[in-house]
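Each remark here refers to the structure printed beneath this line.
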Amino acid sequence: MNHATRVGFLKGAAAAGAGAVRLGAPAPCAAPGANARRASAGLTTSDLAILDAAEIAEALAVTTYTNIINRAPFFRGLPSEDQGYLKAAREEEMSHYLLEQRLTGKPSAYTTFYYPAGMFADAQTTLNTLVTLENAVIAAYLIRVRDFSIAGLRVTAARIMGIESGHRTLASVLGPDVAATYGGPINTITGIQKTAEPAAPPNNNGYERTLLTNISQVVAALLPFVDVTAAGKADFDTTKGYKFVPFSPKLASERARSTR
């Protein structure tokens, strides 16, 4: 898929998702995989458009966590439990991606991502960007809870949103644990609201913010990360694109079950 086609695809997904309709029979609450299988036969065009955007966002999340773990100098100085959080978040995001890929029947339209200058070299930039992305993903899943046409998908979207909320909280609490060698401690983090907020306490929201209210806004938030032209306009570093590399995730809950 060429550059113009990919951008058109993403904007088309936004247009379709913005007009999401509420059709389809309710499905009982079950494991995400079961919900997905029951829902797949009755997906509307709008459902698929929403899932396409979600799949791109999860591929971006996997790429972000992978490169924090593999490239960010400050990662090596974090306490072991913080390193474990980032590694677990990577596994969870990959699990979300694979679920959405199963529903759409195709891989992400975007597999190369761009970031602000200093993304993996400067801890403040890394955490600001990570919290911004989690803010956007939380708001996007809240839209999906509202706009998916099938009850099983709405429940699954809510379950994923709960995990993303944990990611946002834990990304914030990393700040004070950044070693002085790497520019820490980081006591304020600037997320999608573009206002510096205290890194601790990280659970500073009584309710998750609805900063984005439709899929078009989600696309606008994603575009600089996925499109080199939009990245340049946002003053991102366009000299380096980071590839999405899928893998088979191993969730902690699955490992725990396997040992029983």
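Data for the structure
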item: Residue-wise HN-Hα coupling along region 134-148, computed from phi with Karplus coefficients 6.51, -1.76, 1.60 (Hz; x: Gly, Pro); result: 5, 3, 5, 5, 4, 4, 5, 5, 5, 4, 5, 4, 6, 9, 4
item: Sorted by Cβ density within 10 Å, fewest first, the residues Thr210, Thr188; result: Thr210, Thr188
item: Radius 13 Å from Cβ of Leu48, net charge of other residues (Lys, Arg +1; Asp, Glu -1); result: -2
item: For region 66-162: span of alpha carbons on each principal axis (Å, largest first); result: 44, 28, 20
item: Where N is the number of residues in region 83-239, Cα Rg divided by 2.2 N^0.38 Å; result: 1.06
item: Mean projected area in nm² (Cα convex hull; one quarter of hull surface) for region 157-206; result: 3.9
item: Semi-axis lengths (Å, descending) of the ellipsoid that matches the C-alpha gyration tensor of region 107-163; result: 29, 14, 8
item: Residues whose placed amide H lies under 5 Å from that of Asp237, excluding near-sequence neighbours; result: Tyr115, Ala117
item: J(HN,Hα) series, region 86-95, from Karplus relation 6.51 cos²θ - 1.76 cosθ + 1.60, nearest Hz, glycine and proline x; result: 5, 5, 5, 4, 4, 4, 5, 5, 5, 4
item: Mean-position separation - Cα centroids, region 140-197 and region 218-254, in angstrom; result: 16
item: Cut-off 20 Å, label 7 Å out along Cα→Cβ of Thr112, residues of region 218-233 by amide N; result: 222-233
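A short reminder: the numbers here are calculations on the coordinates, not readings from a lab. Keep in mind the model is a prediction, meaning the values are calculated, not measured. Don't worry about glycine lacking a Cβ; one is built from the backbone with ideal geometry, like all the others, and counts go over all protein chains shown.
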